[in-house]
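Read through the structure below, which is laid out as structure tokens, and then see the notes.
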Amino acid sequence: MRSQRLRSQRLLALFALGWLLLDFPLLTLWDRQVLVAGLPLLPLALFAGWAALIGAAAWICEADDEPD
Amino acid sequence: MVSTPLVVAASFAYLMLLFAVAYLGDRRAREGRSIIGNAWVYALSMGVYCTAWTYFGSVGRAASAGLWFLPIYLGPTLGMLLAWMLLRKMIRIARVHRITSIADFIGSRYGKSRLLAALVTLIAVVGIVPYVALQLKAIATGYSLLTSGHALSGGGTAGAAWWRDSTLYIALVLAGFTIAFGTRHLDTTERHEGMVAAIAVESVVKLLAFLAVGAFVTWGLFEGLGDIFTRASARADLQPLLSLGAESRFAGGQWFALTLLSTLSLFFLPRQFQMMVVENVDERHVRRAAWAFPLYLLLINVFVLPIALGGLLRTAGGAADAETFVLSLPLATGHPGLALVAFIGGLSAATGMIVVEAVAVSTMVCNDLVIPLLLRRGPGPGGNLTGTLLGIRRGVIVALLLLGYLYFRIAGEAYALVSIGLISFAAVAQFAPPLLGGMYWKGGTRAGTLAGLGAGFALWVYTLMLPSIAKSGWMPAGFMTKGLLGIPLLRPEQLLGLSGLDSLTHSLLWSLLANAGLYVGVSLWRAPSARETSQAVLFVDVFERPVPGGVAGPVFWRGRAHAGDLRALATRFLGDAAAQRLFDEFARLRGVDGVAAIEADAQLVQFVERALAGAIGGASAHAMVASVVEEEPLDLDDVMRILDEASQLRAYSHALEEKSRSLERATAELRDANAQLKSLDRLKDDFMSSVTHELRTPLTSIRAFAELMVDDPAMDAAQRQRFLGLVVAETERLTRLVNQVLDMAKIEAGHAEWRAAEVDLRALVTTAVQTTAEVFRERGARVEVDMPEHVPPLHADPDRLLQVLLNLLSNAAKFVPAGYGRVRIRLRTNAERASIEVEDNGPGVPLEDQQLVFERFRQGGEVTNRPQGTGLGLPISRRIVEHFGGRMWLRSEPGRGACFGFDLPWRHDEGTGKDREARARSMAVAPT
């Protein structure tokens, strides 16, 4: 139960981070006419942030239940 | 272009494949070998979120607004992060209360209200019709493009007579397909395993098809992603698509609104509720789906922007045709096969959505709109109603698809796919306040929910739905610009003069504001009734209730009932076999002997009501059960009392559990202690018998010599002297033995005296060697000493350490071969410990004895050629070494000598007796 509560809290924190990362005004940080490795910065940043969020969620969700 | 028969045949073949999968899934479910009991299948089945709107519409949106297609997928990603809390709770509540639709959920929560359930159903149907229309439009457009080379445009098929409209036939075929999928039989839990399996397959197909087109555009038509983006950046008209357009004052608000909207839709769209909550097999699957489903969304979106930009770069058509780029790009470049694959992917997406949505909506309409009307005057006479229920659901499915077709004919031409979809999203977002509030706040009431939902829905109709119809030209558009009744403040897209927002954000803002405000405000107006309170407790505290199933937990019912009446009621709605199973299960849960012995008490009433809720919805089930039993209404005090009793019961059972656990623990400890005592007792017995045995040997010889001398007074003096010498030697041995036994006993009992001093190990070794030099010389053995120049002082008892060392050396002296013996003493140090080893070239210790030499009276070697000794030297040495925190070991290969050694920490704080024992038990015999 305790590990489930911890997982919930981690996911909640990730949710907050996700909103910050993928929403205005922080999103405008990437809104520049710059090419990174031939790709425009904004879509790259959006997809990278998105993928990072999924990776973190996978890590949190798949972690073994810690013993109570 | 692709020939019409080929497209039709491929489409039918694909639908048949899905049907085969569903058939297999259903069959396996009946056999108890579910193929959907898997977290991956669960995650894939959520892919029903991605409809034709995603498949075709995202590209269209990307071609006209760039990255603005993304919030619709970022929202669900964020939403899934909450799934572990939110969705799991929804699943648990739905399972406990046998809830089968979102209308049922809201209706049950607010006091099993039929009116509320009906309102939710109405909103869902009205909100979903445009969405169904969208799917039909997508299939029709795709089909037309594929077979005739141009998409539906302007009049399109709308101008043709309706009976020649292929879209109508598509709608009817899909209706038939849905009926075959979802309403073949009536299930009390509304679970459709076959459908879930088919949707999981469908999700894979549309993903692969879309990825195939994406890869084709990116690497077939262009030279990779970099190429597309570089060329797009070079075009002034395409450059804005790669930025947010953040200069608009309300861009942030709009992005936020879209993300929020899609987050809410993830949970509250009827099809998502069906897949994620009703069809869930195991709550734990949510854990994997929480990241796997967002990953699915990411994958299906990776190529949206490349396809949109690639299409815009290749064709002159501009953003207007972008929704069909997925089909038109392969077609235009001479790849009709790929275009057909893409069409099947789109068909797949649309079919999946329609099947699940229609099944979900048909359950709602049947349970929450039609049945209440049908049974207004009680269950009435007559037989089994299961056939009627199935019939109603099938009718609803056909009606829903025809409504969708109608909307498509009316408004479908004027709007892009994405805009239609968002209208539906905004409708279901109205479910958020009562549903979320109902799960976490006990104060929400039926009146508050009715007011909130009603106002939210009305505002949605006025600010979003009506304008969409007006813009299609089917309604005078005057009220759009001048406001209702000519009042400018009532302009639907600038309500109260709020301007600057796009129509969606504007509508969402007003409708959710009114909805949530009235929900909270009206709820606080009046205290919740008894039934509202009891349902609130059951919903909000669902995780604190014991077993889901209905027999445990508080029962909010009082009155009189007859088991026969309830049985007859169950038979009418569930069929005879299912009713029999139900009552059997209840008898088993209550532990009574057969169905006849069941007493009609409150728990039976609740049990039957819950089972009926699965078939006809919570509100109707309650009404039906109420019609055959005499219920005494509960007041708020009763509810509180029942809750108190339940929580007291829970506390008692908790305390009992706690008590029995601690009893178990105590028993285990006692058992361990007893076992230990027994083994100590056995050791003591062994020790006693060994000691007496060892004492008897010298005693016997002393007695024998003494008797010889007594019997023969004439014995000559030399002989007598020799005998007396032997007697003295045996007595010495006896004394030594007794001393060692006493020593051992003292050490073991913890009464030994230990002196603490700084020990110079070099001096200690030297002394020991000198003391034993004579013995070695007699045996003709050579002694080598190997020690470092400087050894720091060690904190221990020097006499005891000398005793250990002497014991090891005298052991070695006993075992080395006479004449060519060699003994090597090695002193080694490191930062933590000092170690001393004594190695000899004797016969060594046989493997089977290596474990035993440190035990009392277990001398090495055969009994017959045992050398002199008491058998207590090594055990005493070991205990001394352990006393100072060290270990003692033996390394020996039989035939190659033995090496006894010990090590000691430089400074040892006296440990407790307990850890000394623990160390002794875990001591390694040979740390090689």
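The values are calculated or read from the model by the stated rules, or taken from the named source; none is laboratory data. All values derive from a computational prediction rather than experimental measurement. Here the Cβ positions follow ideal geometry from the backbone for every residue, glycine too, while neighbour counts run over all protein chains shown.
Here are the numbers for the structure shown:
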read-out	value
Wholly enclosed helices (runs of 4 or more DSSP H) of segment B:199-284 bearing at least 1 residues farther than 22 Å from B:Leu305 by Cβ, of a type outside the set (A, V, I, L, M, F, W, C) and facing chain A (nearest Cβ under 10 Å)	B:251-268
Number of the exception - B:Trp889 against (1) at pLDDT 80 or above; (2) assigned to a loop (DSSP other than H, G, I, E, B); (3) among the hydrophobic types (A, V, I, L, M, F, W, C)	(2)
Tally, over segment B:636-665, of residues that are modelled with pLDDT of 80 or more and of a type in the set (Phe, Trp, Tyr)	0
Every residue from segment B:28-67 that is touching a residue at least 24 places away in the same chain (Cβ under 8 Å), over 22 Å from B:Ala350 (Cα atoms) and surrounded by fewer than 20 Cβ atoms within 10 Å (Cβ to Cβ)	B:Arg28, B:Ser34, B:Ile35, B:Gly37, B:Asn38, B:Ala39, B:Ser64, B:Ala65
Subset of segment B:148-169 (residues that are surrounded by 15 or more Cβ atoms within 10 Å (Cβ to Cβ) and either in a loop (DSSP other than H, G, I, E, B) or at pLDDT below 80 (or both))	B:Ala151, B:Leu152, B:Gly156, B:Thr157, B:Ala158, B:Asp165, B:Ser166, B:Thr167
Selection count, segment B:730-757, where residues are farther than 28 Å from B:Leu699 by Cα and either in contact with a Gly (Cβ under 7 Å, 6 or more places away or on another chain) or at pLDDT 85 or above (or both)	1
Residue check, B:Gly37 in a loop (DSSP other than H, G, I, E, B), assigned by TED's automatic domain parsing to the domain that holds B:Leu305 and at pLDDT below 85	yes
In segment B:177-225, the residues that are farther than 24 Å from B:Glu323 by Cβ, at pLDDT 85 or above and charged (D, E, K, R)	none
Total residues in segment A:24-42, condition at the interface with chain B (Cβ under 9 Å from one of its Cβ atoms) and touching a helix residue (DSSP H, G or I) at 6+ places or on another chain (Cβ under 6 Å)	9
All positions within segment B:767-789 that are without any contact (Cβ under 8 Å) to a residue 24 or more places away in the chain and of a type in the set (A, V, I, L, M, F, W, C)	B:Ala773
Breaking point among (1) outside any loop (DSSP other than H, G, I, E, B); (2) loosely packed, with under 15 Cβ neighbours inside 10 Å; (3) at pLDDT 70 or above, for B:Ala918	(3)
Matching residues in segment A:1-12 - criterion: being within 7 Å of chain B (Cβ to nearest Cβ) and buried (at least 17 other Cβ atoms within 10 Å of the Cβ)	A:Arg7, A:Leu11
Residue tally, condition within 14 Å of chain A (Cβ to nearest Cβ) and either of a type in the set (Val, Ile, Thr) or more than 15 Å from B:Val277 (Cα to Cα) (or both), over segment B:64-89	15
Only listed residue being within 14 Å of chain A (Cβ to nearest Cβ), under 32 Å from the mean Cα position of the chain (by Cα), touching a residue at least 24 places away in the same chain (Cβ under 8 Å) and closer than 21 Å to B:Glu609 by Cα, chosen from B:Arg92, B:Arg98, B:Arg109	B:Arg92
All positions within segment B:780-828 that are farther than 19 Å from B:Gly901 by Cα and buried (at least 18 other Cβ atoms within 10 Å of the Cβ)	B:Ala781
Unmet requirement for B:Ala43, which otherwise passes all of (1) away from chain A (no Cβ under 14 Å); (2) out of contact with any Pro (no Cβ under 6 Å at 6 or more places or on another chain)	(1)
B:Gly819 over 27 Å from B:Leu761 (Cα atoms) and either assigned to a strand (DSSP E or B) or among the small types (Gly, Ala, Ser) (or both)	yes
Pairs with Cβ under 6 Å, 6+ apart, first in segment B:608-637 and closer than 14 Å to B:Ala563 by Cα, second assigned to a helix (DSSP H, G or I) and small (Gly, Ala, Ser)	B:Val608/B:Ala570; B:Glu609/B:Ala621
Test: B:Glu910 is at pLDDT 85 or above and either outside the structural domain of B:Asn739 (by TED's automatic domain parsing) or basic (Lys, Arg) (or both)	no
Selection count, segment A:13-23, where residues are at the interface with another protein chain (Cβ under 7 Å from one of its Cβ atoms) and assigned to a helix (DSSP H, G or I)	4
Residues being in a loop (DSSP other than H, G, I, E, B) and surrounded by fewer than 24 Cβ atoms within 10 Å (Cβ to Cβ) - total across segment B:99-134	1
